[in-house]
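Each remark here refers to the structure printed beneath this line.
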Amino acid sequence: MNARHQATGSAYFIAKETERPETHTLSVVVDNEPGVLARVIGLFSGRGYNIESLTVSETEHEKHISRITIVTRGTPHVLEQIKAQLERIVPVHRVVDLTVVAHELGHEKPLERELALVKVAGSGEHRVEALRLADAFKATVIDANIEHFIFEVRGRTSTIEQFIAIMAPLGLVEVCRTGVAAMTRGPEGM
């Protein structure tokens, strides 16, 4: 049996040959109660879907409503399956594919931002170069001593990844990222 057509338990391999995987950002509005996030994550892991980024926070304290932002990758068919299955989970109020909405509004992607804390250890020229490059990325030094810096950098995921790649040869020690927060452009809410 061809490796591309082997049964793996993942819905990624059910897609037609002509469909190409795409990266989409989903916004899921849920009740803020114990176990909801586990059920959402269980849907992904149980069906072999991958989550590239995940953020969750309560957005309406009085109503106990949270918003989960998920970046995932799949064919259009798989993405529709994910959305339909998320909508069937009981505490889910609504699911919006922000990437589709952005395309409908004439934009390539929704507004997406991420924050990262990046620890860089070094001395001499590496230290000076790390500071110079951090300034170019508008990264903020939030902790420093004679052995290391911890930078806070915000922006698009690609900017964060570029900053991390540039810091790697200068003494990158550790990275902590928040995951993507996203919204559609325009005056309407989701």
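If every alpha-carbon in region 113-181 counts as one equal scatterer, what log10 I(q)/I(0) does Debye give at q = 0.15, 0.22 1/Å?
For region 113-181, the Cα-only Debye profile gives -0.39, -0.84.
With axes computed from alpha carbons, what is the tilt in degrees of helix 36-46 against the longest principal axis of the chain, rounded to the nearest 10 within 0 to 90?
80
Tell me the relative contact order for the chain as a rounded percent, counting alpha carbon contacts under 8 Å between residues six or more apart.
Numbers: 333 pairs, mean separation 43.2, N = 190.
23 percent.
Note the full-extension length gain between Glu19 and Leu133 as 0.36 nm times their separation in residues minus their Cα-Cα distance, in nm to one decimal.
Details: separation 114, 0.36 × 114 = 41.04 nm, distance 4.00 nm.
Result for the pair: 37.0 nm of gain on full extension.
Give the angle, between 0 and 90 degrees and rounded to the nearest 10, that separates the Cα long axis of helix 125-136 from the longest principal axis of the Cα atoms of the chain.
For 125-136 against the chain, the angle is about 50 degrees.
What residues qualify as long-range amide H neighbours of Asn32, i.e. H under 5 Å apart, gap of 5 or more or another chain, H built at 1.01 Å from N?
Ile65, Ser66
At a threshold of 8 angstrom on Cα-Cα distance, excluding pairs fewer than six apart, so keeping six or more, what relative contact order does region 111-182 reach in percent? The partial results should precede the final answer.
Numbers: 127 pairs, mean separation 37.6, N = 72.
Taking the mean separation of contacting Cα pairs over the length of region 111-182, I get 52 percent.
Any idea how many Lys pairs in the chain come in under 23 angstrom at the alpha carbon, given 8 or more places apart or on separate chains?
Pairs that pass both the separation and distance tests number 4.
Given the DSSP H assignment, sum -39500 (n - 2.57) over each helix run of at least 4 residues in the chain and divide by its residue total; what's the result at 222 nm in deg cm²/dmol, nearest 500? Before the final figure, lay out each step's value.
Values: 5 runs with 53 residues, N = 190.
Calculated from helices alone, the mean residue ellipticity at 222 nm is -8500 deg cm²/dmol.
Starting from the 7 Å offset along Cα-to-Cβ, what nm value, one decimal, do you get for the label separation of Val173 and Glu33?
4.4
Among (1) 35, 22, 17; (2) 39, 28, 16; (3) 24, 20, 16, only one was calculated for this model; which label is it, if the read-out is semi-axes √(5λ) of the Cα gyration tensor in Å?
For semi-axes √(5λ) of the Cα gyration tensor in Å, the calculated option is (1).
Please give the Cα centre distance for region 89-160 versus region 17-61, rounded to the nearest Å.
Centre-to-centre distance over Cα atoms comes out at 21 Å.
Sort region 16-104 into rounded, prolate or oblate with this rule: let a ≥ b ≥ c be the square roots of the eigenvalues of the Cα gyration tensor; rounded if a/c is under 1.5, and if a/c is not under 1.5, prolate when a/b is larger than b/c, oblate otherwise. All intermediate terms of the calculation are to be shown ahead of the outcome.
On the way: a/c = 2.26, a/b = 1.66, b/c = 1.36.
Judged from the Cα gyration tensor, region 16-104 comes out prolate (a/c at least 1.5, a/b above b/c).
Taking the Cα of His107, stepping 7 Å toward and past its beta carbon, and measuring to each backbone N in region 65-98: which are under 13 Å?
Backbone N within reach: 98.
Each value in this text was obtained by applying a stated rule to the coordinates, not by laboratory testing. Computed from a predicted structure; not experimentally measured. Don't worry about glycine lacking a Cβ; one is built from the backbone with ideal geometry, like all the others, and counts go over all protein chains shown.
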